[in-house]
Each structure stands twice: as C-alpha cells, then as structure tokens.
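One structure is given below, encoded as structure tokens.
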Amino acid sequence: MPAAFGDLARRLEHTQLRPGASAADIERLCAEAREHNLLAVCVAPFRLPQAVRLLAGSGVFCVCVAGFPLGSQTTAAKAREAAEAVAAGAAEIDMVLNVGALKDCDEACVAADIAAVVRAAAAPVKVILETALLTDREKILACRLAADAGAAFVKTCTGFSGGGATIEDVALLRAHAPARMGVKASGGVRTRAQAEALLAAGACRLGTSSSLAILAGA
C-alpha cells in the first residue's frame, strides 16, 4: 500500500448515521473499516455496541454522537448520552452544539453545555458547529467556547442541516481554534480531491460515508 494511501485512510472516520441504518449496514461499515485500516467508525448510540464488538482488536476505534442531529436536547441528556456511549466502548464523542443558544449570544449556556459533555465523557469530545447555519463571527465564537470548555476538536457539520464542509470554513476554524485542538471536516465529503483540499486547509480528520470512493480516488 503506498504511504499516501495509508496516511489518508488513517484520517477517515467511516460514518453511518442514517436514521434507517440497519444492523447489516453497520456490519458492512465495520468490515470496510477493518479491511482498509481506517481510523474509526462513527455511529449512533443504538448501533454502538454492535460496532464495538465487530471492531474489537482491529485497531479501528468507535466514535459515537451525542445530541444528534439538532443539538437542542437538554445538557443533562447530552451528558448522559455521552457517558453511556463511553461506557459502551466509544473512544470519542461527537456532540452537536446548541446552535440556538449560540444564536442568542448566550455564551454561558453554550460553554456549560459543552463542558458538561466533556466532563461526563472523560474522553475526547468533538463539537459539531453546524457551520452552514452560522456567520463567520459565530463560528469564531464557537471555536473559543469549545476550546475554553475543554473540547478536543471542532467539527463542521452533521450533514443533516444543509450545507457541508467547505475549504473556507475549515481554514477559518483552523485559524481560530488553538493549536491543541483538531478540526474535523464532515458533511458532503465524497471525493479524493475534496478530501485532500480539506486536509490542506487545516482539517486533521474527515467524517464521511464515502471513504472507499475517496481512497479509490473516485
């Protein structure tokens, strides 16, 4: 395997978050992740135990979402969801920002929401910003609040609220997140050229359901 191929594979979180995803879909997702030595799979809480079992000993870890896809759950519900996911074997949590609270400029609410999930998870937390719904000023504020609350990453989109990862958004997040934080690009990442451009713009992880097409250069 060429080095560049392997390096790209280890940036990919192979994702299956469709509401109608079946057990067979998760089995296929995990088999593909194992075969291609991808970094991780990202699944919903209900499907997490199956993914953990299928990936045991593979070197591919499991990411689970919390507060997905709207981010408008109560903080207690998000924190409980995160804690349960880690207890069930998730290595990382991708939580959705409270977009409405950010739009209200309620910094204390947004920060407390993220911090509660970080404490409950006791594992790396990525904060999904839903960049398509935010102004640049709001994206920059969200980066600061996520960093101050102890999050490990900021992430562009769920893929469920329109828009998707863009080079401009990734570059903006990378410029305003502290160096210790990662940037995950997700939402509509489907081609090798797009993946490489997002990585060049500052992403260190890519969340995609098109991992095999990306690796194939399609």
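The values are calculated or read from the model by the stated rules, or taken from the named source; none is laboratory data. The model shown is predicted, which means the values in this text are computed figures rather than measured ones. Positions of Cβ are generated from backbone atoms using ideal geometry, with glycine treated the same way; all protein chains shown enter the neighbour counts. For accessibility, only protein heavy atoms count, side chains too; no ligands or nucleic acids. Shrake-Rupley method; radii C 1.70, N 1.55, O 1.52, S 1.80 Å.
Has the stretch 89-104 got at least one residue that is touching a residue at least 24 places away in the same chain (Cβ under 8 Å), surrounded by fewer than 16 Cβ atoms within 10 Å (Cβ to Cβ) and farther than 21 Å from THR208 by Cβ? Within the stretch 89-104, one or more residues are touching a residue at least 24 places away in the same chain (Cβ under 8 Å), surrounded by fewer than 16 Cβ atoms within 10 Å (Cβ to Cβ) and farther than 21 Å from THR208 by Cβ. Set side by side, the residues ALA66, ALA111 differ, and just one is buried (at least 16 other Cβ atoms within 10 Å of the Cβ), at pLDDT 95 or above, hydrophobic (A, V, I, L, M, F, W, C) and more than 30 Å from ASP7 (Cβ to Cβ), which is ALA111. May I ask you to list the residues in the stretch 163-180 that are open to solvent by less than 40 Å² (accessible area, probe 1.4 Å) and closer than 22 Å to VAL43 by Cα? Residues satisfying the conditions are GLY164, ALA165.
Looking at the stretch 1-61, the helices (runs of 4 or more DSSP H) lying wholly inside it that each contain 1 or more residues that are within 26 Å of ALA200 (Cβ to Cβ), open to solvent by 50 Å² or more (accessible area, probe 1.4 Å) and of a type outside the set (Asp, Glu) sit at 3-9.
I need the full set of residues from the stretch 116-148 which are in contact with a helix residue (DSSP H, G or I) (Cβ under 8 Å, 6 or more places away or on another chain), in a helix (DSSP H, G or I) and among the hydrophobic types (A, V, I, L, M, F, W, C), in order please. Once the filter is applied, which keeps residues that are in contact with a helix residue (DSSP H, G or I) (Cβ under 8 Å, 6 or more places away or on another chain), in a helix (DSSP H, G or I) and among the hydrophobic types (A, V, I, L, M, F, W, C), the stretch 116-148 yields ALA116, VAL117, ALA120, ALA121, LEU133, ILE140, LEU141, ALA142, CYS143, LEU145, ALA146.
Taking into account only those residues within the stretch 34-69 that are small (Gly, Ala, Ser) and touching a residue at least 40 places away in the same chain (Cβ under 8 Å), which is farthest from CYS157 (Cα to Cα)? This residue is ALA40. I need every pair where a residue in the stretch 133-162 that is at positive phi has its Cβ under 8 Å from the Cβ of a residue that is at pLDDT 95 or above and among the hydroxyl-bearing types (Ser, Thr, Tyr), sequence separation at least 6 or different chains. Sorted first by the residue in the stretch 133-162, then by its partner, the pairs are GLY159/SER186.
The set of residues in the stretch 206-218 being crowded, with 24+ Cβ neighbours inside 10 Å and in contact with a helix residue (DSSP H, G or I) (Cβ under 9 Å, 6 or more places away or on another chain) consists of LEU206, THR208, SER211. Of the residues examined, ASP25 is one that is farther than 30 Å from VAL110 by Cβ, charged (D, E, K, R) and touching a strand residue (DSSP E or B) at 6+ places or on another chain (Cβ under 6 Å).
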